[in-house]
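Structure, as structure tokens:
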Amino acid sequence: MLLTKLFLFQTIRYFVIGGGAFLFLNKWAKLRFQKHRIQETPVTKKQISTEIKYSLITLLIFSVFFSTILNPSFGPFLKLYDDSTSYPLWWPLLSIPVLVFLHDTFFYWMHRTLHHKFFYNKFHRTHHLSTNPTPFASFSFHPVEAVFEAIWVLPVLMIIPIHKYSLLTFAFISFLNNIKGHLGFELSRGKARILNSSTHHSLHHRYFKSNFGLYFLFWDRICKTEGPPA
Ligand SMILES: [Zn+2]
Ligand SMILES: [Zn+2]
């Protein structure tokens, strides 16, 4: 059953890659990476169990959502394709950065909306329970936020033809970017210029009022929300 397969796949990926990154940086190679730690606030077992609990609920919601829209009966409504001759050969490659750009734009504005006082306590506070996030917080959302985190892709797939392997590649890039944002350690060298950094998102968790972006910095720069604590 697709729902079970999707949930198992996403859960195993979350624990293997997210959990592996956490253990590697915090336990196995702790001394080597100590100086790359972004925040000194200790991470408690209670925080991690809360992050895992909400993440598993989110992964279940994602699995229900994707098993519904990827069901063959939903096929005629989507422009998802798997025949490489249907569109120019360069399109499957180009469509990946297009999906990343659309996701980044949607996320920035949804995220800023969720920080409005009307929505924050109801739907976004759950994600900010981790002020010093770990990779386990990557999917730690209120269930309503989890629905919004997934639903943007539906109109995109109804309007833009996307090859199924482009969608899978994008999904993997998105997953890795999410883990990077919640790493708790800054592994890139030099100042972030285009891409959002682990530091940017970690400081967003800590101070709430800046760095709303997901993949890139340009929306934060255009809207003057990049920054140090505000
Ligand atoms: Zn976060
Ligand atoms: Zn936020």
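The values are calculated or read from the model by the stated rules, or taken from the named source; none is laboratory data. Predicted model, so just to flag it, every value in this text is computed and none were measured. For neighbour counting, all protein chains shown are included, and Cβ atoms are generated from backbone atoms with ideal geometry for every residue, glycine included. Protein only, heavy atoms only, side chains kept; ligands, DNA and RNA dropped before computing areas. Shrake-Rupley method; radii C 1.70, N 1.55, O 1.52, S 1.80 Å.
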Hey, can you grab everything whose amide H is under 5 Å from the amide H of residue 81? Only 5+ residues off in sequence or another chain; H modelled, so Pro and N-termini drop out. 162, 163, 164
Size of charge dipole - the chain - debye, nearest 20, with Cβ of Lys, Arg +1 and Asp, Glu -1, no other charges: 880
Region 153-230: trypsin sites (Lys or Arg not before Pro) in DSSP loop, at most 16 other beta carbons within 10 Å: 189, 191, 193, 209, 224
Within region 80-116: backbone nitrogen closer than 13 Å to the residue 173 label point (7 Å, Cα to C-beta): 91-105
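If 40, 51, 186 are ordered by their accessible area, calculated over protein heavy atoms with a 1.4 Å probe, which sequence runs from highest to lowest?
On the way: 40 135, 51 0, 186 35 Å².
Listed by decreasing accessible area, they come as 40, 186, 51.
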For the modelled label position 7 Å from the Cα of residue 73 along Cα-to-Cβ, which residues of region 1-21 have backbone nitrogen atoms closer than 17 Å? 1-4
For the charge dipole of region 2-222, defined by +1 on Lys and Arg C-beta atoms and -1 on Asp and Glu C-beta atoms about the Cα centroid, which residue among 116, 92, 187 has the Cα displaced farthest towards the positive pole? 187
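Set the Förster radius R0 to 41 Å, insert the Cβ-Cβ distance between residue 109 and residue 82 as r into 1/(1 + (r/R0)^6), and round the FRET efficiency to 0.05. Could the numbers behind the result be given before it?
Working: r = 31 Å, r/R0 = 0.76.
With R0 = 41 Å, the Cβ-Cβ based efficiency is 0.85.
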Roughly how tilted is helix 164-181, in degrees to the nearest 10 and between 0 and 90, from the longest Cα axis of the chain? 10
Could you run the Karplus curve 6.51 cos²θ - 1.76 cosθ + 1.60 with θ = phi - 60° over region 191-196 and give me ³J(HN,Hα) per residue in whole Hz, x for Gly and Pro? 7, 5, 10, 10, 8, 4
Computed label-point distance, nm, for sites residue 17 and residue 125 using a 7 Å Cα→Cβ extension: 3.2
So what's the chain giving for Rg/Rh, alpha carbon basis, Kirkwood Rh from the mean inverse pair distance? 0.97
